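The values are calculated or read from the model by the stated rules, or taken from the named source; none is laboratory data. All values reported here derive from a predicted model rather than from experimental measurement. Counting neighbours? That spans all protein chains shown, and the Cβs are built from the backbone with ideal geometry, glycine included.
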Amino acid sequence: MPIPHPLFITFLLFLTSQTSYAQIQNQTTSTSTSEFPWTPSENRFLVSNNSVFSAGFLPSPNSRNHFIFSIFYNNMSETTTIWSVNDDSPVNTSSSLSITGSGELRLAGIQIPGTPTLSGNATRVLRLTDNGNLVFGNWNSFSHPTNTILPNQNINGTTLSVKNGTFQFTGKDLVFTGSYEQATYYQSGNAFQTLDDNGMMQLSNDATFIVSDYGDQSLRRLKLDEDGNLRIYGFDSGSGQWSVVWQALPELCRVKGTCGPNSICMYGDTYDTTVCRCPPGFERNSGGEGCRRKVTIGRDSKFLQLDYVNFSGGSDPGSQTNIDAWNFTICQSGCLNDPECVGFGYKYDGQRYCVLVRKLYYGLWSPATEATFFLRVDKSERDTTNFTGLTSILETTCPVQVSLPFPPEESSSTARNIAIISTLFAAELISGVAFFWVFLKKYVKYRDMARTFGLEFLPAGGPKRFTYAELKAATNDFSSVVGKGGFGDVYKGVLTDHRIVAVKCLKNVTSGDNEFWAEVTIIARMHHLNLVRLWGFCAEKGQRILVYEYVPNGSLDKFLFHSNKFEYSDGDYVDEDVDESRLLDRKPVLDWGIRYRIALGIARAIAYLHEECLEWVLHCDIKPENILIGADFCPKLSDFGLSKLRKKEDMVSYSKMCGTRGYMAPEWLKSDQITPKADVYSFGMVLLEIVTGVRNCNIQGSKMDSEDWYFPRWAFDKVYGEMDIEDILDKEIRRSYDSRVHEDMITRMVKTAIWCLQDRPEMRPSMGKVAKMIEGTVEIMEPKKPTIFFLGD
């Protein structure tokens, strides 16, 4: 790396600040070795010629009386350190940085590692260059980084480390080197070379990737953070804050060693926070990391089911074993016959997936985990599983205890006993007939009472029935509206057991009580990772209410279609006249990987409704507003199954359309039979919006009249006519598009969307095939150009 013209030693004298060392009072320049020794009490700082970087003693975060010799950014409200020599061993005010008579650079009497011994007439000068490199003779700080790399600094061949080397970045991989294991948790494939001033990272095979603020002339730094994740930060001069513009791992629980042995990493309130939990049968180690067993496994043992949990077992080849198990029983027996086996992972997919685990390392909870983990504990263990993927079915009927009176004592008079029994029997029979007659005459009244007390018959294992009063109290009198739609308004509520729920008050539902109960039971039995779970319902006093799980991040349209935007001539979007409070509520821009996961997840959910349910279900209202985003950006489809409660003409009038164009298939406006291909058309429109980031009714740079413009046809012309797929991409993240990484994925999504948007239903693929087309497991032929509507036979 070229070194700028040597700078003279520049020392800045300033008053010690409680918040930052960036406020300079005086500045002096000296080249004399008489300026050494250099003590922390002198408040002297070496500043680069461009005034961007400073070097000197900074107070330790743990003690104001101890100091660390560091390089940091100058003139910033918060001190940002990029290099330090004694971070693990701060020195006191009596210590000093000195140049000995033999030319050694020493701190507190100890030679700084790697610094040379200057002999003869060698120049004994300490310099700080404009790019933040501290130079002494032929030694420089860039060759001995701590946890940060600066632009134009060579990365290949260097190592970053934090927490005394617990987490390391080797220039290519991220490695955990904890006390109990060493394992790699991120592999880039190619070694990092240099980060340039524009935000482009050069890799060893001449490949590159760019950060989200690529092109902006701002300060940047690559840092290995204390949590073990590798991030690139960019400095916003307007706000004066650093922000993450790239990171190696989007999910922190993928960092091995985040939680200790025998513990499970879970996500906190947001996806960028973690919580370490002990599995059932374990407790926290009092003096160390991780968890320990409460009861040692003896001769007899049992298994506790942990849904959405996975233990990788560690990097040791003997820590886990894959076996070919025909069924669950064989997999369980394999673990029981292995004395070192502490649990096993099993998939209920018929693929014979069975993994025996011998070390409970790197536990991870994630809804994306396909296998279920069965934890081995002693048979006497009383803990029950607290990792369940299914909502517990609550008791919905009132138990009735019937007790009979003790029989009277034996009497010598048989005739009297017979008379008493006969009289009682006759009285009960007459009373029963009378009550039954009254019940028949007042059936409606008794039926309403049954509804009020929840005594009507419900199928076994069905959803919980709530009273109207319970839901009114849970939603604070239906005051917190979180969504509106054609089927009704949605309110946020909190049940008495502290579960957060979404309460949908249905409208225009014409089905009777028996039909409504039957349909709700069918919906509640639909279980899929990408479907919103139905927990209960209310059918009381003419009200039709459904109670769903609450999905925190809201609907997909809030992420795709940001309001208050105008477009510059170069195609970039900027916000105009947006107050600060609205900017804070704005959803983040989804990157290409998350958009692909959302598209694939929703495709699998619709395929499940069409092809895997016992009674196939048409959604009939697929649109971004009905796709909800979980805390880990897992998509969930809502409002499925509700179309059966409406007539076809009601669905046409209530569905979202833009003039004659919208999410509804052309057959809705004809007298043709509605098939699952109508949902395929709606999904294709949503898939195209995920790629473009705009509504299908918004005209995109076309000279065609608005009444002739058609969103799918515009996309087809761009992809197959102009051969320019980049022109249809969402402009907010177009800069992050890398043809070598994203082209195949995005091309599959666009081609699949155009196949789904064919005008004739028989030309569209099934949803099962659509999911495979997005996955890339089937070949996608060139589709026919879609038209607005098709005519009859």
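Answer yes or no: is there a residue in the stretch 137-147 that is part of a loop (DSSP other than H, G, I, E, B), in contact (Cβ under 8 Å) with a residue 12 or more places away in the chain, on the phi > 0 side of the Ramachandran plot and not polar (S, T, N, Q). For the stretch 137-147, residues part of a loop (DSSP other than H, G, I, E, B), in contact (Cβ under 8 Å) with a residue 12 or more places away in the chain, on the phi > 0 side of the Ramachandran plot and not polar (S, T, N, Q): present. None of Val309, Val245 is surrounded by 19 or more Cβ atoms within 10 Å (Cβ to Cβ), closer than 19 Å to Gly343 by Cβ and of a type in the set (Val, Ile, Thr) except Val309.
For the residues Phe406, Phe435, the requirement of being in a helix (DSSP H, G or I), among the aromatic types (Phe, Trp, Tyr) and either at pLDDT 55 or above or closer than 30 Å to Val532 by Cβ (or both) singles out Phe435.
Looking only at helices (runs of 4 or more DSSP H) that fall completely inside the stretch 677-787, which ones have 2 or more residues that are under 18 Å from Arg595 (Cα atoms)? So that I can check it myself, show each step before the final result.
Numbers: elements: 677-692, 711-716, 739-756, 767-775.
Answer list for the stretch 677-787: 677-692, 739-756, 767-775.
Inspect the stretch 516-532 for any residue being under 29 Å from the mean Cα position of the chain (by Cα) and either part of a strand (DSSP E or B) or among the charged types (D, E, K, R) (or both) and give the result as yes or no. Within the stretch 516-532, one or more residues are under 29 Å from the mean Cα position of the chain (by Cα) and either part of a strand (DSSP E or B) or among the charged types (D, E, K, R) (or both).
In the stretch 312-329, the residue that is nearest to Cys341 (Cα to Cα) out of those that are in a strand (DSSP E or B) and under 29 Å from the mean Cα position of the chain (by Cα) is Gln320.
Scanning the stretch 485-515 for residues that are modelled with pLDDT under 80 and either part of a helix (DSSP H, G or I) or under 24 Å from Asn553 (Cβ atoms) (or both) yields Gly485, Gly486, Phe487, Asp513, Asn514, Glu515. Checking each residue in the stretch 42-84 for being over 37 Å from the mean Cα position of the chain (by Cα), in a loop (DSSP other than H, G, I, E, B) and within 18 Å of Ser161 (Cα to Cα) picks out no residue at all.
Yes or no: Arg254 in the same structural domain as Cys341 (by TED's automatic domain parsing) and farther than 14 Å from Asn386 by Cα? Walk me through it before giving the result.
On the way: in the same structural domain as Cys341 (by TED's automatic domain parsing): no; farther than 14 Å from Asn386 by Cα: yes.
Spelling it out, it is not the case that Arg254 is in the same structural domain as Cys341 (by TED's automatic domain parsing) and farther than 14 Å from Asn386 by Cα.
Going by what's in this entry, would Leu160 be described as buried (at least 19 other Cβ atoms within 10 Å of the Cβ), modelled with pLDDT of 85 or more and under 23 Å from Ser89 (Cα atoms)? Judged against the criteria, Leu160 is a match. Checking the structure you have, find out if any residue of the stretch 692-702 is modelled with pLDDT of 85 or more, surrounded by fewer than 21 Cβ atoms within 10 Å (Cβ to Cβ), within 27 Å of the chain's Cα centre (by Cα) and not aromatic (Phe, Trp, Tyr). Yes, some residue in the stretch 692-702 is modelled with pLDDT of 85 or more, surrounded by fewer than 21 Cβ atoms within 10 Å (Cβ to Cβ), within 27 Å of the chain's Cα centre (by Cα) and not aromatic (Phe, Trp, Tyr).
Across the stretch 706-763, the qualifying residues are those that are closer than 16 Å to Ala665 by Cα and of a type in the set (Asp, Glu), and the one among them that is surrounded by the most Cβ atoms within 10 Å (Cβ to Cβ) is Asp759.
The set of residues in the stretch 385-403 being modelled with pLDDT of 50 or more and more than 13 Å from Phe282 (Cβ to Cβ) consists of Thr388, Gly389, Gln401, Val402, Ser403. For Gly101, the requirement of being out of contact with any Phe, Trp or Tyr (no Cβ under 7 Å at 6 or more places or on another chain), in a loop (DSSP other than H, G, I, E, B), free of Cβ contacts under 8 Å to residues at least 12 places away in the same chain and of a type in the set (Gly, Ala, Ser) is met. Residue count for the stretch 544-562, restricted to those that are part of a strand (DSSP E or B) and out of contact with any Cys (no Cβ under 7 Å at 6 or more places or on another chain): 6. For the stretch 571-582, the count of residues that are modelled with pLDDT of 80 or more and either within 24 Å of the chain's Cα centre (by Cα) or part of a helix (DSSP H, G or I) (or both) is zero.
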